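The structure appears below as structure tokens.
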Amino acid sequence: MAVKNSVLACTQLECETIEEMKASMEKAKAEGADLVEFCVDSMTFTHITQVEKLIMERTLPAIISYRFKSSRNSSRGSCKNTCLQVLRRALELDVEFVEMDYEVASDTSMCEYIYSRSNSKVIVSSYLNGGGKPTTEKLGDLIACMQATGADVMKLEIAVDYITDVAPIFEMLTHCQVPLIAMAVGSRGLISQLLSPKFGGFLVYGSLGDKSVPGVPSLLSLRQVYKLEYLNADTKVFGLVSNPVGHSKGPILHNPAFRYTQYNGIYVPMLVDDVKEFFKTYTGTDFAGYSVGIPHKEAAMACCDEVHPLAKSIGAVNTVIRRPIDGKLVGYNTDCESAISAIEDALRERLGTNGVASHTSPISGKTFVLVGAGGAGRALAFGAKSRGARVIIFNRNFERAKALADAVSGEALPYECLHEFCPEKGMILANASAIGMEPNSDQSPVPKEALKAYELVFDAVYTPRNTRLLREAAEVGTIVVSGVEMFIRQALGQFRLFTDGLAPEDFMRKLVLEQF
């Protein structure tokens with residue numbers, strides 16, 4: 001278990017009135033913030049005394065910031081004057097931190113205040129938007145210029161297009177000799193905050209519970225899920241490589257399990273567009289392993305140096321481990337066994353043979369209807385075939401369905417025929433598509449009436465836990481198996497691979513069932 005460190009969690013407050021600022025500050029305090037940033041440029045005020053009142057009545061340590069470029073004031077000249085007035089007064093009142101743009105910190109009239117301040121620490125910030133991918137050279141030059149202003153802390157806000165653009169930011173955090181705050185703006189920059197303490201970042205930004213900000217984790221998740229105070233330079237990084245990634249429940253399972261087993265690791269969501277480029281960028285041994293989700297399970301296999309035989313036969317990986325001894329990427333598939341065993345156990349329970357040794361799978365000889373031919377679909381198809389089922393595949397892209405059907409000696413049918421497909425009773429239906437996943441939880445791949453033909457319905461979707469497909473299947477008397485059960489089992493398999501064998505099964509199962 002990593003030793004607890006001093007990690008500052010901050011939240012930016014953008015409110016129009018002092019009353020709203022104070023109310024938001026109390027909310028931030030309740031959610032675990034160590035300090036707040038008062039974005040004064042968001043406020044409507046008529047006199048500097050109103051800002052003074054806010055400063056004097058603060059109940060948390062504070063950063064006073066004023067960005068005149070984003071201010072409500074229409075006149076650039078008067079706005080800059082107001083900006084300078086607010087920042088100077090904050091310095092005079094010994095606020096813990098005063099943040100100013102690099103342009104403002106370079107202003108001659110501000111320099112004397114910076115050098116004559118008593119207790120306030122000065123944060124000099126710069127916002128990079130556009131101009132191409134950030135490089136270590138470009139960021140290094142900017143940091144050198146900012147440092148020359150006399151800054152105590154430097155802050156970079158960088159708009160990123162891809163998660164790979166965050167890599168130079170981590171390099172800057174690691175090697176910067178002055179305290180640095182680095183924030184990659186946008187949903188693809190989320191890891192810049194979650195991994196900041198590992199690489200030496202000065203503080204981490206979190207959002208208030210009722211205010212979702214792309215790329216900014218919530219304060220509650222920082223405190224309750226990620227617990228960044230346990231991170232240090234030796235922490236191993238794991239995560240879900242997927243697009244979309246917001247639905248993932250992996251962080252609320254793997255992070256507590258790491259702490260429970262005293263393993264020094266963190267598990268984070270990684271919104272990845274180009275999986276090949278991702279693996280080419282993050283090559284350090286710090287990045288130790290990944291869950292692989294939609295739509296990268298097949299493409300990720302080609303990025304691996306070695307692939308486990310089962311995953312190779314399936315043609316998809318859902319887990320990639322960086323082998324410590326040589327740094328090579330090794331691909332595995334824990335989807336297959338987790339999904340098929342969940343279906344088998346449900347059938348055995350209905351038959352009253354659960355726990356009774358049998359060499360024959362209850363799937364054997366049954367018609368196994370599969371919706372979806374992506375990574376999860378391939379795992380289910382190969383698993384069903386290995387148990388002796390007859391596999392029928394439906395997919396919107398018929399060519400993909402046909403290719404998978406050929407691989408498992410099954411049959412592919414046009415997607416439009418799915419609703420009427422009913423050659424026999426007692427079939428098994430498995431949804432391995434994203435149909436029914438939040439936010440489209442009102443959808444189902446098969447109408448309720450058609451579900452009567454199935455003995456069991458399995459849905460790989462686990463957000464929501466009880467999908468429309470499963471609700472309607474239960475209503476017509478069919479056995480249902482939630483994707484949550486597959487999620488638990490595949491996560492246990494992944495966790496064993498992540499930690500070289502550790503897996504607190506009872507703890508992880510209890511955690512998922514409580515949280516989902």
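The values are calculated or read from the model by the stated rules, or taken from the named source; none is laboratory data. None of these values were measured; they are calculated from a predicted model. Neighbour counts run over all protein chains shown; Cβ positions are idealised from the backbone, glycine included. Ligands, DNA and RNA are stripped out before the accessible areas are found, and what is left, the full protein with its side chains, is counted by its heavy atoms. Shrake-Rupley method; radii C 1.70, N 1.55, O 1.52, S 1.80 Å.
Out of everything in the range 498-516 that is aliphatic (A, V, I, L, M) and open to solvent by 50 Å² or more (accessible area, probe 1.4 Å), what residue ends up being farthest from Tyr332 (Cα to Cα)? Don't jump to the end; show me each part of the working.
Initially, the range 498-516 is screened for residues aliphatic (A, V, I, L, M), giving 502-503, 508, 511-513.
With the extra rule that they be open to solvent by 50 Å² or more (accessible area, probe 1.4 Å), the set shrinks to 502, 513.
Numbers: Leu502: 17, Leu513: 25 Å.
It comes out as Leu513.
In this structure, does Ile266 turn out to be of a type in the set (A, V, I, L, M) and modelled with pLDDT of 95 or more? Lay out the reasoning, then the answer.
Values: of a type in the set (A, V, I, L, M): yes; modelled with pLDDT of 95 or more: yes.
So Ile266 fits the description; yes.
Give me the residue from the range 239-272 that is among the aromatic types (Phe, Trp, Tyr) and either out of contact with any helix residue (DSSP H, G or I) (no Cβ under 6 Å at 6 or more places or on another chain) or open to solvent by 10 Å² or more (accessible area, probe 1.4 Å) (or both) and, out of that set, farthest from Val166 (Cα to Cα). First the steps, then the outcome.
Step one: list which residues in the range 239-272 are among the aromatic types (Phe, Trp, Tyr), which gives 258, 260, 263, 267.
Checking the rest, the ones that are also either out of contact with any helix residue (DSSP H, G or I) (no Cβ under 6 Å at 6 or more places or on another chain) or open to solvent by 10 Å² or more (accessible area, probe 1.4 Å) (or both) come to 258, 260, 263.
On the way: Phe258: 25, Tyr260: 30, Tyr263: 25 Å.
The extreme case among them is Tyr260.
So which of Leu142, Leu173 ends up being part of a helix (DSSP H, G or I), open to solvent by 30 Å² or more (accessible area, probe 1.4 Å) and not basic (Lys, Arg)?
Working: Leu173 fails: open to solvent by 30 Å² or more (accessible area, probe 1.4 Å).
Sole residue among the options that is part of a helix (DSSP H, G or I), open to solvent by 30 Å² or more (accessible area, probe 1.4 Å) and not basic (Lys, Arg): Leu142.
For Leu370, are the conditions met, namely being in contact (Cβ under 8 Å) with a residue 40 or more places away in the chain, open to solvent by less than 20 Å² (accessible area, probe 1.4 Å) and part of a strand (DSSP E or B)? If you could, list the steps in order and put the result at the bottom.
Values: in contact (Cβ under 8 Å) with a residue 40 or more places away in the chain: yes; open to solvent by less than 20 Å² (accessible area, probe 1.4 Å): yes; part of a strand (DSSP E or B): yes.
Criteria met by Leu370.
Condition test on Val275, is it open to solvent by less than 60 Å² (accessible area, probe 1.4 Å) and in contact with a Phe, Trp or Tyr (Cβ under 7 Å, 6 or more places away or on another chain)?
Working: open to solvent by less than 60 Å² (accessible area, probe 1.4 Å): yes; in contact with a Phe, Trp or Tyr (Cβ under 7 Å, 6 or more places away or on another chain): no.
So Val275 does not fit the description; no.
Looking at (1) more than 21 Å from Leu511 (Cα to Cα); (2) in contact (Cβ under 8 Å) with a residue 24 or more places away in the chain; (3) assigned to a loop (DSSP other than H, G, I, E, B), find the lone condition where Gly284 falls short.
(2)
For Val330, state whether it is without any contact (Cβ under 8 Å) to a residue 60 or more places away in the chain and touching a Gly at 6+ places or on another chain (Cβ under 8 Å).
Details: without any contact (Cβ under 8 Å) to a residue 60 or more places away in the chain: yes; touching a Gly at 6+ places or on another chain (Cβ under 8 Å): no.
Judged against the criteria, Val330 is not a match.
Name the single residue that is farthest from Arg378 (Cα to Cα) among those in the range 323-344 being open to solvent by less than 20 Å² (accessible area, probe 1.4 Å) and among the charged types (D, E, K, R).
The qualifying residue farthest from Arg378 (Cα to Cα) is Glu344.
What pairs can you find where one residue is in the range 26-49 and open to solvent by 50 Å² or more (accessible area, probe 1.4 Å), the other is assigned to a strand (DSSP E or B), and their Cβ atoms are less than 7 Å apart, with a gap of 6+ or different chains?
Asp34/Leu8; Asp34/Ala9; Asp34/Cys10
From the set of residues in the range 211-238 that are touching a residue at least 12 places away in the same chain (Cβ under 8 Å) and either charged (D, E, K, R) or at positive phi (or both), which is least open to solvent (accessible area, probe 1.4 Å)?
Residue satisfying both the conditions and the ranking: Gly215.
Give Ser409, Ser441, Ser482 a once-over and let me know the one that is among the hydroxyl-bearing types (Ser, Thr, Tyr) and exposed (fewer than 14 other Cβ atoms within 10 Å of the Cβ).
Details: Ser441 fails: exposed (fewer than 14 other Cβ atoms within 10 Å of the Cβ); Ser482 fails: exposed (fewer than 14 other Cβ atoms within 10 Å of the Cβ).
That would be Ser409, the only listed residue that is among the hydroxyl-bearing types (Ser, Thr, Tyr) and exposed (fewer than 14 other Cβ atoms within 10 Å of the Cβ).
Looking only at the range 282-302, filter to residues that are open to solvent by 40 Å² or more (accessible area, probe 1.4 Å) and among the hydroxyl-bearing types (Ser, Thr, Tyr); which one of those is nearest to Asn243 (Cα to Cα)?
As a first pass, look at the range 282-302 and keep what is open to solvent by 40 Å² or more (accessible area, probe 1.4 Å): 283, 285-286, 294-295, 298-299, 301-302.
Filter once more, keeping what is among the hydroxyl-bearing types (Ser, Thr, Tyr): 283, 285.
Numbers: Thr283: 20, Thr285: 24 Å.
Among residues in the range 282-302 that are open to solvent by 40 Å² or more (accessible area, probe 1.4 Å) and among the hydroxyl-bearing types (Ser, Thr, Tyr), the one nearest to Asn243 (Cα to Cα) is Thr283.
Could you please find all residues in the range 444-470 being open to solvent by 30 Å² or more (accessible area, probe 1.4 Å), touching a Ser or Thr at 6+ places or on another chain (Cβ under 8 Å) and in a helix (DSSP H, G or I)?
Residues satisfying the conditions are Lys452, Arg468.
Looking at this structure, is Ala473 within 21 Å of Asp345 (Cα to Cα), over 32 Å from the mean Cα position of the chain (by Cα) and either among the hydroxyl-bearing types (Ser, Thr, Tyr) or open to solvent by less than 30 Å² (accessible area, probe 1.4 Å) (or both)?
Details: within 21 Å of Asp345 (Cα to Cα): yes; over 32 Å from the mean Cα position of the chain (by Cα): no; either among the hydroxyl-bearing types (Ser, Thr, Tyr) or open to solvent by less than 30 Å² (accessible area, probe 1.4 Å) (or both): yes.
So Ala473 does not fit the description; no.
Could you say whether any residue in the range 345-356 is crowded, with 19+ Cβ neighbours inside 10 Å, closer than 20 Å to Ala407 by Cα, out of contact with any Pro (no Cβ under 6 Å at 6 or more places or on another chain) and modelled with pLDDT of 95 or more? Working first, answer last.
Residues of the range 345-356 that are crowded, with 19+ Cβ neighbours inside 10 Å, as a first pass: 346-347.
If we keep only those that are closer than 20 Å to Ala407 by Cα as well, we get none.
Scanning the range 345-356, I find no residue that is crowded, with 19+ Cβ neighbours inside 10 Å, closer than 20 Å to Ala407 by Cα, out of contact with any Pro (no Cβ under 6 Å at 6 or more places or on another chain) and modelled with pLDDT of 95 or more, so the answer is no.
Given (1) among the charged types (D, E, K, R); (2) in a helix (DSSP H, G or I); (3) buried (at least 20 other Cβ atoms within 10 Å of the Cβ), where does Glu137 come up short, assuming only one miss?
(3)
Could you run through the range 188-230 and say how many residues are closer than 20 Å to Ser248 by Cα and outside any loop (DSSP other than H, G, I, E, B)?
So the answer is 19.
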